[in-house]
Amino acid sequence: MKTLRQNNSGQALLELALIMPMLMIFVFGIVDYTRAIYDQEVITNLAGEGSSMASRGGGLAATVAAVWSDADIDMADNGCVIVTSVASPSSGSYKVTGQAYSTVCNSASSKIGCFPPPAGCGNATIPTLVQTVVQTSTNPNAYITEVYFKFTPVTPVGAFLHVSSFLPSQLYSVAYY
């Protein structure tokens with residue numbers, strides 16, 4: 001009876017040794033994947049709050065500063081905030097009337113447009129639904145906040161998933177008001 005008990009404990013240890021690497025890979029993958037989801041939710045909320053603040057007359061530069069300081073993720077090294085105002089034209093295309101960037105925007109540029117407009121750059125690209133709302137509202141301006149965030153995994157498994165494109169390298173969110 002004693003010999004049988006010793007053999008069972010060795011079998012359990014061997015099973016644990018075989019299962020543990022797979023379990024750790026699974027857990028580490030979940031950790032980095034949930035961090036990416038959390039970071040995406042944070043920048044989505046930041047974009048919405050930024051556009052709301054800008055539309056209430058907070059000023060573009062003040063909005064960038066508020067969004068930048070309210071983030072509970074590492075925006076200083078990995079983030080970029082761009083707030084843009086777009087005017088509804090009486091005819092023709094929408095025009096970028098103002099824009100403010102955060103201090104660190106490592107090669108990130110606005111997908112809406114640029115300001116001050118160099119040759120051919122002042123036109124704004126906004127969705128049709130936003131155009132309709134701006135045309136029918138009493139305020140002929142739209143305020144757009146874009147937030148970029150460079151996602152970096154914290155585990156070795158996350159780094160592998162990051163390289164193999166299962167995890168994003170750049171998170172992006174935009175809000176229109």
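Can you report the number of residues in the stretch 125-177 which are out of contact with any Asp or Glu (no Cβ under 9 Å at 6 or more places or on another chain), surrounded by 15 or more Cβ atoms within 10 Å (Cβ to Cβ), of a type in the set (Phe, Trp, Tyr) and part of a loop (DSSP other than H, G, I, E, B)?
Residues in the stretch 125-177 being out of contact with any Asp or Glu (no Cβ under 9 Å at 6 or more places or on another chain), surrounded by 15 or more Cβ atoms within 10 Å (Cβ to Cβ), of a type in the set (Phe, Trp, Tyr) and part of a loop (DSSP other than H, G, I, E, B): 1 in total.
Please work out which residue is nearest to Ser165 (Cα to Cα), limiting yourself to the stretch 11-33 and to residues that are free of Cβ contacts under 8 Å to residues at least 24 places away in the same chain and not hydrophobic (A, V, I, L, M, F, W, C).
Filtering first and then ranking leaves Pro21.
Which numbered condition trips up Phe115, out of (1) in contact with a Leu (Cβ under 8 Å, 6 or more places away or on another chain); (2) more than 14 Å from Tyr177 (Cβ to Cβ)?
The number of the failed condition is (1).
Give the residue, chosen from Ser93, Ser85, that is over 10 Å from the mean Cα position of the chain (by Cα) and under 12 Å from Glu146 (Cα atoms).
Ser85
Checking the conditions here, which among Ala36, Ala54, Ala66 is surrounded by 17 or more Cβ atoms within 10 Å (Cβ to Cβ), in contact with a Leu (Cβ under 7 Å, 6 or more places away or on another chain), over 20 Å from Lys150 (Cβ atoms) and modelled with pLDDT of 90 or more?
Only one candidate qualifies: Ala54.
I'd like to know if the stretch 106-121 contains one or more residues that are surrounded by 16 or more Cβ atoms within 10 Å (Cβ to Cβ) and not in a loop (DSSP other than H, G, I, E, B).
Among the residues of the stretch 106-121, not one is surrounded by 16 or more Cβ atoms within 10 Å (Cβ to Cβ) and not in a loop (DSSP other than H, G, I, E, B), which makes the answer no.
Under 6 Å between Cβ atoms, which residue pairs at least 6 apart in sequence (or on different chains) link something in the stretch 82-102 that is at pLDDT 85 or above and buried (at least 22 other Cβ atoms within 10 Å of the Cβ) with a partner that is among the acidic types (Asp, Glu) and not in a loop (DSSP other than H, G, I, E, B)?
Ile82/Glu146
Residue by residue through the stretch 119-169, note down the ones that are free of Cβ contacts under 8 Å to residues at least 60 places away in the same chain and of a type in the set (Ser, Thr, Tyr).
Residues satisfying the conditions are Thr125, Thr128, Thr132, Thr136, Ser137, Thr138, Ser164, Ser165, Ser169.
For the stretch 13-72, what are the residues that are farther than 20 Å from Asn141 by Cβ and acidic (Asp, Glu)?
Scanning the stretch 13-72 gives Glu15, Asp32, Asp39, Glu41, Asp70, Asp72.
What number of residues within the stretch 157-177 satisfy the criterion of being of a type outside the set (Phe, Trp, Tyr) and either at pLDDT 85 or above or within 22 Å of Val81 (Cβ to Cβ) (or both)?
Counting residues in the stretch 157-177 that are of a type outside the set (Phe, Trp, Tyr) and either at pLDDT 85 or above or within 22 Å of Val81 (Cβ to Cβ) (or both) gives 7.
Filter the stretch 16-30 for residues that are aliphatic (A, V, I, L, M) and under 11 Å from Pro156 (Cα atoms); which is surrounded by the most Cβ atoms within 10 Å (Cβ to Cβ)?
Looking at the filtered set, the residue picked out is Ile25.
The values are calculated or read from the model by the stated rules, or taken from the named source; none is laboratory data. On a predicted model such as this, the values are computed, not experimentally measured, just so you know. Cβ coordinates were reconstructed from backbone atoms using ideal geometry, including for glycine residues, and neighbour counts include every protein chain displayed.
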